[in-house]
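Right, one structure below, let's go through it.
The values are calculated or read from the model by the stated rules, or taken from the named source; none is laboratory data. This one's a predicted model, so the numbers in the text were calculated from it and none came from an experiment. Positions of Cβ are generated from backbone atoms using ideal geometry, with glycine treated the same way; all protein chains shown enter the neighbour counts. Calculation scope for accessible area: heavy atoms of the full protein, side chains included, ligands and nucleic acids excluded. Shrake-Rupley method; radii C 1.70, N 1.55, O 1.52, S 1.80 Å.
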Amino acid sequence: MKDILEELERRRGIARLGGGQARIDAQHQRGKLTARERIDLFLDEGSFEEFDMFVEHRSTDFGMDKSRIAGDGVVTGWGTVNGRTVFVFAKDFTVFGGSLSEAHAEKIIKVQDMALKNRAPIIGIYDAGGARIQEGVAALGGYAEVFQRNVLASGVIPQISVIMGPCAGGDVYSPAMTDFIFMVRDTSYMFVTGPDVVKTVTNETVTSEELGGASVHTTRSSIADGAYDNDVDTLLQVRRLIDFLPQSNTSPVPEIECYQSVTDADNSLDTLIPANANKPYDIKELIQKVADEGDFFEIQASFAKNIVCGFGRIEGSTVGFVANQPMVLAGVLDSDASRKAARFVRFCDCFNIPIVTFVDVPGFLPGTAQEYGGLIKHGAKLLFAYAEATVPKLTVITRKAFGGAYDVMASKHLRGDLNYAWPTAQIAVMGAKGAVEIIFRKDIADPEKIAAHTKMYEDRFLSPFVAAERGYVDEVIMPHSTRRRLARGLKMLKNKDLSNPWKKHDNIPL
Ligand code: HXC
């Protein structure tokens, strides 16, 4: 019996070494952890239960029958994050560059199926060279099986991808279909085809970092939702995100103890809005003052900074915050901001996370660049996302809510549940200058008349009261009471029951 037990330990020891000590050392020299080290760090201590440690590939071409390594380049299983079950797979770059074979795909598929069946989040950690070149179509088939499961799980369980090394070819499309992608600065990159192929096809000379590094994907392409300095920080941040998320679309949002009173007034909010309506202020200050303990997990912080999206908690329960940011482009809605917020709103709606929207928006960004780039369709994405969302929607207009952007930003007309305005709110078709220049065009040469018209327009329309008179805002509230109002509102909306008409699925403008 002892021999049998020792044999198991011996085989486990070999499997744990993956591609061998030299390749592990090389991994460390590049500032990267190994697949197993990453999983250990990511999960609660001692909680990892591994599957398929001894799986090997079945390929015989190109001498592969003489080169088999237990685990076949991916470590899979499940464990817990702060006590809640999650499923994981981590590509092992030390084994055939983490490339995907048929057997490797079967291991991933097994945890995908288990995650979906057991309604728990799944996290994929990537550090890999794409399809196992020696396997050909068997590897391509394996990828498609993984992709299919990503799609079936979408909107049912949270799916998160963490890119911690190369991620090329087939390895980019599975992350692209998950809810969130995080990268590690300087050591990770994602692209469909690498620099060599780019050089051959387009004659462009580009480095891996320039083509698909974290800076590209967090600031330009918006493929990644965040980037951190090293493996450790990245994995700890993903743990933090998971704490905000429900296990599935049928699980309640997690609730944790709240240590900050929701009834205390925050008088500093009464002076957040500058006296001059054209002066910016930082909307994140409002989010941080409303969220429990100021804890805010921002999504896509470096992309389309004119809108801020992310998770926080109010009285211990997760909410999604969406807010125009007056500090960047005066908080205007453009194509990028609309796409970014639309995807976030849809994620919240999938997983029953209430949405708190702070509005200070001068309108949609005019210009040929925006119109040629499809602003109509991208803006419609955000409109569509808010209109279809059935989760509790709470909106606070802090200052400007002009034009179509007023409608889009979770207005009463899009089934907003509680729509509040601060006394500083200005709800109108457009700002005073633009409005007066159009409706009093004949007086344009007379500055005195224009000033009088402007004053009249401002007095009549640039306040929350015209909208309040019609019931389009439910109440004009004191800024200092915002957290209390939202907390009470969220409590009242706990049992909200609203569903859309039956359909196979909608046809959101893509
Ligand atoms: C088999 C692979 C491999 C692959 C890497 N390796 N990629 N083995 N199939 N796709 C092996 C290498 O042979 C090497 O083995 C080890 O992994 C480490 O690779 P290196 O090249 O030494 O490392 P590095 O210099 O860091 O470069 C990493 C890399 C590069 C950028 C990922 O290996 C690379 O470009 N690989 C190929 C990428 C690619 O074109 N994949 C196919 C994409 S097509 P040894 O034994 O020497 O350590 C695809 C189609 C799917 O994925 C489409 C579905 C939609």
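When Val172 is tested against (1) among the β-branched types (Val, Ile, Thr); (2) under 23 Å from Cys348 (Cα atoms); (3) near the ligand (Cβ under 9 Å from one of its atoms), exactly one condition is not met: (2). Taken as a whole, the condition of being without any contact (Cβ under 8 Å) to a residue 12 or more places away in the chain and of a type in the set (A, V, I, L, M) does not apply to Ala323. A single entry from Ser463, Ser481 fulfils the requirement of being among the hydroxyl-bearing types (Ser, Thr, Tyr) and modelled with pLDDT under 95: Ser463. Selection within region 403-432: residues that are assigned to a helix (DSSP H, G or I) and without any contact (Cβ under 8 Å) to a residue 60 or more places away in the chain. The member of this set that is nearest to Lys284 (Cα to Cα) is Tyr406. Beta carbons closer than 8 Å, at least 6 apart along the sequence or on distinct chains, pair a first residue in region 14-25 that is open to solvent by 90 Å² or more (accessible area, probe 1.4 Å) with a second that is assigned to a helix (DSSP H, G or I) for Arg16/Arg36. Residues to consider are Phe311, Phe321; find the one that is crowded, with 20+ Cβ neighbours inside 10 Å, within 20 Å of Ile397 (Cβ to Cβ) and aromatic (Phe, Trp, Tyr). Being crowded, with 20+ Cβ neighbours inside 10 Å, within 20 Å of Ile397 (Cβ to Cβ) and aromatic (Phe, Trp, Tyr) holds for just one of Phe311, Phe321, which is Phe321.
Within region 249-266, does at least one residue satisfy the condition of being within 17 Å of Val308 (Cβ to Cβ), touching a helix residue (DSSP H, G or I) at 6+ places or on another chain (Cβ under 6 Å), touching a residue at least 40 places away in the same chain (Cβ under 8 Å) and open to solvent by less than 40 Å² (accessible area, probe 1.4 Å)?
Looking only at region 249-266, we keep the residues that are within 17 Å of Val308 (Cβ to Cβ), and these are none.
No - not one qualifying residue is present in region 249-266.
Being touching a residue at least 40 places away in the same chain (Cβ under 8 Å) and either open to solvent by 50 Å² or more (accessible area, probe 1.4 Å) or not in a strand (DSSP E or B) (or both) is the filter here; which residues of region 111-134 pass it? Scanning region 111-134 gives Val111, Gln112, Ala115, Leu116, Arg119, Ala120, Pro121, Gly129, Gly130, Arg132, Gln134. Would you mind stating whether Glu388 is of a type in the set (D, E, K, R), over 30 Å from Asp270 (Cβ atoms) and free of Cβ contacts under 8 Å to residues at least 24 places away in the same chain? For Glu388, the condition - of a type in the set (D, E, K, R), over 30 Å from Asp270 (Cβ atoms) and free of Cβ contacts under 8 Å to residues at least 24 places away in the same chain - is not met. If we keep just the residues of region 342-389 that are β-branched (Val, Ile, Thr) and open to solvent by 60 Å² or more (accessible area, probe 1.4 Å), which is farthest from Met492 (Cα to Cα)? Here the answer is Thr368.
If you check Ala144 against the conditions, is it of a type in the set (A, V, I, L, M, F, W, C), buried (at least 20 other Cβ atoms within 10 Å of the Cβ) and within 11 Å of the ligand (Cβ to nearest atom)? In short, no. Taking Arg10 as the residue in question, decide whether it is farther than 21 Å from Phe89 by Cβ, out of contact with any Gly (no Cβ under 9 Å at 6 or more places or on another chain), of a type in the set (D, E, K, R) and surrounded by fewer than 18 Cβ atoms within 10 Å (Cβ to Cβ). Yes. Number of residues in region 326-341 that are buried (at least 24 other Cβ atoms within 10 Å of the Cβ), out of contact with any Cys (no Cβ under 8 Å at 6 or more places or on another chain) and not aliphatic (A, V, I, L, M): the value is 3. Among the residues making up region 220-248, those that are open to solvent by 30 Å² or more (accessible area, probe 1.4 Å) and closer than 13 Å to Phe182 by Cα are Ile223, Tyr228, Asp229, Asn230, Val232, Asp233, Leu236, Gln237, Arg239, Arg240. Within region 151-182, the residues that satisfy the criterion of being buried (at least 21 other Cβ atoms within 10 Å of the Cβ) and more than 24 Å from Glu298 (Cβ to Cβ) are Ala153, Gly165, Pro166, Ala168, Gly169, Gly170, Asp171, Ser174.
Under the condition of being away from the ligand (no atom under 16 Å from the Cβ) and charged (D, E, K, R), which residue from region 111-129 is nearest to the chain's Cα centre (by Cα)? Step by step, filter region 111-129, then rank; the result is Arg119.
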